[in-house]
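S.K.: The structure under discussion is supplied below as structure tokens; questions concerning it will follow.
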Amino acid sequence: LIVPFVLHIWKNWRAMTNYFKRAPMALALALSLVAALAFAVPAALQSDGTVRRGPPQFAIAQAMFDAPLATVAPVFGLTEAEALAKLGATTNGQTLTQIAETQDSSAATLAQQLMQTAQ
């Protein structure tokens, strides 16, 4: 599809440049931009006016990483003590993010460790 597109542009270049020089094209482009912004701006903002930061799955994962391990452990089917043992951590009350920082790892890696079944 790229080759026909390039050939079309090449064959019709003069006609297209003449078309872009006219006022109706500039008006159509301006109206299209306004219409696009009318959809893009609300989609980029959350209901409270803050900027969205990715898909909801990322927000859920980040909330899990920032919650205390005692709160998160049941999600993995573990108690807090079992989760601490799996991670090789000894301190209670920390989040996965905090534990990952002390272990020079990432919270996602620790979550994967918690999901692994005992062997």
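The values are calculated or read from the model by the stated rules, or taken from the named source; none is laboratory data. Everything quoted here is computed from the prediction, not taken from an experiment. Cβ: placed from backbone, ideal geometry, glycine included. Neighbour counts: every protein chain shown. Only protein heavy atoms, including side chains, enter the accessible area calculation; ligands, DNA and RNA are left aside. Shrake-Rupley method; radii C 1.70, N 1.55, O 1.52, S 1.80 Å.
S.K.: Looking at segment 62-79, I want the residues that are free of Cβ contacts under 8 Å to residues at least 40 places away in the same chain and have a partner that is of a type in the set (Lys, Arg) and surrounded by 15 or more Cβ atoms within 10 Å (Cβ to Cβ) with Cβ atoms under 8 Å, at least 6 apart or on another chain. Which pairs are those?
M.R.: LEU78/LYS86
One line per residue, one yes/no per condition, for (1) modelled with pLDDT of 90 or more; (2) open to solvent by 60 Å² or more (accessible area, probe 1.4 Å); (3) of a type in the set (Lys, Arg):
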residue: MET16; (1), (2), (3): no, no, no
residue: TYR19; (1), (2), (3): no, yes, no
residue: SER32; (1), (2), (3): yes, yes, no
residue: ALA40; (1), (2), (3): no, no, no
residue: VAL72; (1), (2), (3): yes, no, no
residue: SER106; (1), (2), (3): yes, no, no
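S.K.: Could I ask something else about it? What is the residue count in segment 74-104 for residues that are open to solvent by less than 50 Å² (accessible area, probe 1.4 Å), of a type in the set (S, T, N, Q) and not in a helix (DSSP H, G or I)? Outline the logic, then answer.
M.R.: Step one: filter segment 74-104 for residues open to solvent by less than 50 Å² (accessible area, probe 1.4 Å), giving 76, 78, 83-84, 87, 89, 94-97, 99-100.
Checking which are of a type in the set (S, T, N, Q) leaves us with 94-95, 97.
Narrowing the set further to residues that are not in a helix (DSSP H, G or I) leaves 94-95.
Adding up the residues that qualify gives 2.
S.K.: Can you go through LEU78, LEU37, LEU69 and tell me which one is over 30 Å from LEU114 (Cα atoms) and aliphatic (A, V, I, L, M)?
M.R.: Criteria check complete, one pass: LEU37.
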